[in-house]
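Only one structure is covered here, and it is reproduced in the block below.
The values are calculated or read from the model by the stated rules, or taken from the named source; none is laboratory data. Model, not experiment: these values are computed from the prediction. When we count neighbours, we look across all protein chains shown, and the Cβ atoms used for this are built from the backbone with ideal geometry, even at glycine. Heads up: the accessible areas ignore ligands, DNA and RNA and are worked out on the full protein's heavy atoms, side chains in. Shrake-Rupley method; radii C 1.70, N 1.55, O 1.52, S 1.80 Å.
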Amino acid sequence: MMPAASRQLTLDLTTPPAHSRADFLPAPANRDALAVLDAPQDWPQGRMLLIGPEGAGKSHLAAFWAAENGARRMKAAALRPDAADGLAAEGGALVIEDADRAGRAAGAEQALFHLWNLCAPRDCLLLLTARTPPRDWGLVLPDLRSRMDAMPQVRLMPPDESLLAAVLVKLFADRQQAVPADLIDWLVLHMPRDLGLARRLVAAMDRAAMADKRPITRRIAAELLNGLSAEDM
């Protein structure tokens with residue numbers, strides 16, 4: 001390894017993640033969620049909650065669903081009560097991401113409550129994404145908590161080995177890193193089936209390779225995987 005003082009200054013030259021439908025990787029873990037999002041006409045009162053762990057594909061699904069349905073996308077923490085009326089368009093569509101963070105943001109709970117009440121009468125589709133069920137959001141407003149608990153839900157399941165491998169290939173490609181197939185195979189066998197961890201691991205390997213001007217090797221992968229896994233414990 002090169003001395004820290006001689007490392008080059010690294011710039012993040014990665015391209016933005018590809019979030020079109022064509023870039024989505026269908027698999028048993030996301031099959032049900034994809035089917036539900038493709039049939040919004042069947043959502044009770046035009047509402048749906050998509051639940052899945054970090055890195056499971058919620059943002060990717062929300063991105064191309066929003067593009068195909070002309071929906072506006074907002075982070076729950078950025079919601080404000082006085083802006084809710086303008087977000088719920090007649091006959092429109094709206095995506096609120098990271099709804100599980102509404103309980104920790106001033107005004108977000110009230111705004112989400114207003115949107116719940118506005119969207120159905122205006123025939124505005126409402127898609128929420130969250131990492132956890134509403135009972136874990138720390139919501140204070142009883143009326144909002146009861147509505148979120150009753151909201152129809154669909155879940156992204158843990159990935160199988162083939163999906164994890166495909167996601168790793170895509171993450172490396174997003175960072176313009178070409179890695180050997182045997183490295184992907186090794187990672188799939190040695191890391192948890194956690195897509196959030198996969199994202200952090202690929203980012204760490206990319207930074208290490210650029211900083212030290214060296215290719216990504218199994219040794220680098222093992223060192224970084226052990227470190228990241230320990231942080232998550």
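Worth pointing out:
Condition check ((1) under 24 Å from Gly227 (Cβ atoms); (2) touching a Leu at 6+ places or on another chain (Cβ under 9 Å)) across all residues:
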{"residue": "Phe113", "(1), (2)": "no, yes"}
{"residue": "Gly138", "(1), (2)": "no, no"}
{"residue": "Ala150", "(1), (2)": "no, no"}
{"residue": "Pro159", "(1), (2)": "yes, yes"}
{"residue": "Arg193", "(1), (2)": "yes, yes"}
{"residue": "Val202", "(1), (2)": "yes, yes"}
{"residue": "Ala208", "(1), (2)": "yes, yes"}
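- Tabulated pairs, segment 102-124, first basic (Lys, Arg), second open to solvent by 40 Å² or more (accessible area, probe 1.4 Å) and assigned to a loop (DSSP other than H, G, I, E, B), C-beta under 9 angstrom, 6+ apart or interchain: Arg104/Gly138; Arg122/Ala89; Arg122/Glu90; Arg122/Gly91
- The residue list Pro152, Pro158, Pro134, Pro192 contains one member that is in contact with a strand residue (DSSP E or B) (Cβ under 9 Å, 6 or more places away or on another chain), surrounded by fewer than 17 Cβ atoms within 10 Å (Cβ to Cβ) and touching a residue at least 24 places away in the same chain (Cβ under 8 Å), which is Pro152.
- Residue satisfying all of: in segment 204-224; among the small types (Gly, Ala, Ser) and touching a residue at least 24 places away in the same chain (Cβ under 8 Å); most open to solvent (accessible area, probe 1.4 Å) among these: Ala222
- Verdict on Leu201 being at pLDDT 90 or above, open to solvent by less than 20 Å² (accessible area, probe 1.4 Å), in a helix (DSSP H, G or I) and within 23 Å of Lys58 (Cβ to Cβ): yes
- Which numbered condition Ser59 fails, given (1) open to solvent by less than 20 Å² (accessible area, probe 1.4 Å); (2) part of a helix (DSSP H, G or I); (3) closer than 28 Å to Arg199 by Cα; (4) touching a strand residue (DSSP E or B) at 6+ places or on another chain (Cβ under 9 Å): (1)
- If you go through segment 18-48 and keep only what is farther than 16 Å from Ala120 by Cα, charged (D, E, K, R) and open to solvent by 80 Å² or more (accessible area, probe 1.4 Å), you end up with Arg21, Arg31, Asp32.
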